[in-house]
Structure formats: C-alpha cells, structure tokens
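Nothing in this text is a laboratory measurement; each read-out follows from the coordinates by a stated rule. This one's a predicted model, so the numbers in the text were calculated from it and none came from an experiment. Using ideal geometry, Cβ is built from the backbone for each residue, glycine included, and neighbour counts are taken over all protein chains shown.
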Amino acid sequence: MRKKVLAIALAIFLVALAGCGNSDSSAQQGDSGGAAQQGQGGNNADEVVLTYWNFTSTDMPFEADLIASFEAAHPGIRINVERVSVEHFHDQIIMAARTNTLPDIIQGIPEWSSNFINAGVMADITTDIQDVYGTFIEDAINLSSWDGRVYGLPFRFGTSATFINTRIFDEAGIPIPTSWTWDEFRDIAMQVTDSSRNVYGFGIPAARHDLGFSWNYFSFAFQNGASYLDGNRAVFNSPEGAEALDFLIQMMRDGIMPAGTPSFTAADVVDAFGAGTLAMFHNGPWYVATIQTAYPDIEFVTVPLPTRRAGTQSASVAGGTYLSVTATTEHYAQALAFIKYMTSEQTMREWAGRGEFLPPVRALLDDDSFIQGHMIAFAQQAQLPSVGIGATVENTTLLDVIQDYMARALIGNISSQEALDAAAERWNEILAGS
C-alpha cells in the first residue's frame, strides 16, 4: 500500500524532482514567435499532431476523455499524449530544450518555472490569453506567471486545509470543528493522542527533502503574519516565522506528533492517516484523491486551517499545476487553443469534479452547486490570502536549504530562530547570485 500511495502522491503533489532520463519527444524546432503553421501528421495530410507531455495521464485516466472532446471540437488537430514520470519530468524537459526536441505542450509546476523560462522552454502567451485571463483567480494565474508575463494557464490550484479522520474524532467524542484557533487545534490534537495505541493527533512530512515540510511550515508562518520574500531577499526569519516553527516543534516534543516525524515523508503521513494512527494533517486538495484511491474505506472530512487567533484570517500556501505552450512549437495557435480548452470553465467543471480538485476558475469557486464535500474547505481557503512559494528563482534549492535547517531545529540541534536566520542568509546569497 505504501508503494501505491507514493506513486499517487508523486504524480499529484508538488514534489522535488529526482533523477534524469532521456527525452523521446518527436517535436521539432519551430517558430518561437508564435505564428500558426499547418503541419503534417497521421494519415491526413492536413492533420496537425500536437505532442503533449504530462505526468497525470496514468493516474487521472479521465483526462483522455477531455482530450477526445477537444479533438472532436477541433477537427484536424490530434493530441499525442506522452506521459513522463514527475520525478524525471524536469530533467527531460531541460534535455529536450538543449536538443531541440521539445513537445508542443507541457504540464508544469511553479517550482520549475524559472528553470524552464531560462532554458527557453515556455512561450510567452501574455498577449494571446487576455480573453481568458480574468476567468482565473489571481493566485492561480500567478502560478504560471513570471516577471509580469504569463507562460501558462492554471490546470489545478490548491491551498491547504485540515484533513480529519472522523473515526478517531468520534471515538474521542470530539465534534468536527468548523472554525478554530491554534490553541484549540493543539488542544484537540492532544486529546486524540494515545501513544499506547500508536495514535497521534497531528503529523507533518518533516523529511529534509520532502517539499511537504516547507508547505506545512509556511502555512503556519503565513497564518502568524510572517512573510516570504521582500523583493529579492528572504524575510521569513522574523519573530513571527520563528514562533510558527516553535509551535510545530513543541507539538512533536509533547508527543502529539509521532516520534519518527523527522524522517516522515508525505507518503508516510498519508499511510498513518489511512491506517487510523494519525488524526489530522494539513495539505492540498490533490490529497483527497490520493487518500480515496489508496484507502477507499476510510472516513474523513476536510475543514479550514486553524487561525492564529480568533477573528483573524487563515492564510495559506498556494500551489498547483499549469499547461504551457512550448517556445519552439510549429503549431502555436493550435497548442494555445488546446490549453485554453483544457482550462476552460466547461472542461474544468468535469476535470476538477471527477478528480476532486480545486478548480482555478473563479466562476466555479463561487458555484455552490459545484463546490461540494471535501472541496468546500479548500474553496473557502482559496477566497482568503495565499502565497505561492513555488515561482522563485532556484526554488527547489531554496526549499532544500530551509528544510535542512528546520530539520536541525526539529531534532534540537539549533533553535528555530537560528535555523531560519541561517536559512535566510543562505537564500540571500543564492538570490543575489541568480
């Protein structure tokens, strides 16, 4: 089961890339200026074949239905889907850019944006998407924006919410909260903790290289009033940022989190939650499908994040995926039509509904007939301030740095303030040289 969870989580969650592979894309170098050109492909001499690289087609098979609908609505255009594993995706795209073998369309995550833009992977589509720009919520379109320009359209969007194992809460006689503060959240987590039965109130993926670590930390930091970057300088090492890290570390020291937390990955957290040994965790809406697939019998709900104090807003990290037209495609107009179709309100209604994703389309987030069940908490959170921590230069390196220092604080080698000060200093060195 753990292997299954890990495979699903890798394809859905924002993960650190690992490994390298060879590209097998058949796209050829073309006009980066974006002029539409008629191509040759398939059995029809007038058919345009667009190669689309993604990392969700196997895990989300109904995406094929949406692509078939696009093809039916656009005679003469055929989509050739090539799945690349998420852990190899970044490196294969960079290799394809170097060898002029990029596909026409790619799926991406904000963590890769700066590398892809610097490598000339993604076309600037700012001018050509003004007709649909306003349909997306601002935090979602920002996931695929860079330096004031837009390089993709948001495919999925996510903030955080609290996942609750309802059986554990029922056994403890605790009602499901609809709003709560940090103190109330901690008290409930303590009440449901029973180490004699190996049941713990809350869990985080605190392994050094699991991006879930920074995702969890920054949600607490933003709730506490901490910031992320000020221009090109790190500012998360404020007293508010250190207090948020102290809060998490104290929960582990008090036994509310499992003792193995410093080595926990996101898959470990989901396994513990699914096995009934973890009452709560925080993460994005993509984990709804992960849990339901891996643990179909579990009963759980999602509720908004706790706020630092009563009456305050609960800020969150934001993330997701986007679709981009590559800068070297010979079929810019057709590729642009495809990503517009796949991110349209009509398509998003089916894509997000069948996959239980939070749609990035503003009209759907406001549609009570569509936003149901587990998505309600995420939709509520999406209406509040959120910060995308992916679209920064050298993002993966930066997150590795802060997670390394936070891991040292978690095991007691240094204080929270010392950890964040050291991480901020290293971030500023990296950002100054970028």
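With r defined as the distance between the Cβ atoms of Arg197 and Tyr228 and R0 fixed at 41 Å, what FRET efficiency is calculated, to the nearest 0.05? Mind dumping the intermediate values first?
Values: r = 39 Å, r/R0 = 0.94.
Efficiency, rounded to the nearest 0.05: 0.60.
Which residue, Ala352, Ala259, Thr293, has the largest displacement toward the positive end of the dipole of the chain when charges sit on each Cβ (Lys, Arg +1; Asp, Glu -1)?
Ranked along the dipole, the leading option is Ala259.
Per the Kirkwood formula on distinct C-alpha pairs, the Rh of the range 280-354 is how many angstrom? Intermediate values should be presented prior to the final figure.
Details: mean 1/r = 0.0619 Å⁻¹.
For the range 280-354, inverting the mean 1/r across all distinct Cα pairs yields 16.2 Å.
Could I have the simple spin-label model distance between Glu299 and Ala68, label points 7 Å from Cα toward Cβ, reported in nm to one decimal?
Each label point lies 7 Å from its Cα, and together they span 3.6 nm.
Roughly what % antiparallel, to the nearest 5, for the DSSP beta bridges in the chain? Numbers along the way, then the final one.
Values: 26 of 41 bridges.
If I count the DSSP bridges inside the chain, around 65 percent turn out antiparallel.
Between Gln130, Gln92, Gln383, which gets the highest mean-square fluctuation from a Gaussian network model of the chain, Cα cutoff 10 Å?
The residue with the greatest mean-square fluctuation here is Gln130.
Jot down the radius of gyration and Dmax of the chain, Cα atoms only, both in angstrom.
21.7, 70
Note the angle between two axes, namely the Cα long axis of helix 345-355 and the longest principal axis of the Cα atoms of the chain, as a number of degrees from 0 to 90, rounded to the nearest 10.
The angle comes out near 50 degrees.
Dipole magnitude of the range 249-322 about its Cα centre, charges +1 at Lys/Arg Cβ and -1 at Asp/Glu Cβ only, in debye to the nearest 20?
Details: 3 positive and 5 negative charges, 83 e Å.
Once rounded to the nearest 20, the dipole reads 400 debye.
Let me see the pair-distance distribution of the range 100-183: every alpha carbon pair, 5 Å bin width, integer percents in order.
The percentages, shortest bin first, are 3, 11, 19, 16, 11, 7, 7, 8, 8, 6, 3, 1, 0.
Any idea which of Ala189, Gly320, Ile94 is furthest toward the positive side of the dipole for the chain, if Lys and Arg beta-carbons carry +1 and Asp and Glu beta-carbons -1?
Farthest towards the positive pole: Ala189.
Note down the magnitude of the dipole of the chain about its Cα centre, charges +1 on Lys and Arg C-beta and -1 on Asp and Glu C-beta and zero elsewhere, to the nearest 20 debye.
On the way: 22 positive and 49 negative charges, 100 e Å.
Once rounded to the nearest 20, the dipole reads 480 debye.
Is it possible to state the helix-based mean residue ellipticity at 222 nm for the chain, with each DSSP H run of 4+ residues giving -39500 (n - 2.57), the sum divided by total residues, to the nearest 500 deg cm²/dmol? What is it? Before the final figure, lay out the partial values.
Numbers: 18 runs with 179 residues, N = 434.
Counting only the DSSP helices, I get -12000 deg cm²/dmol.
Ranked from highest to lowest mean number of other Cβ atoms within 10 Å per residue, what is the order of the peptides 254-265, 173-184, 203-214?
Numbers: 254-265: 18.4, 173-184: 13.8, 203-214: 23.7.
Put in order of decreasing packing, that is 203-214, 254-265, 173-184.
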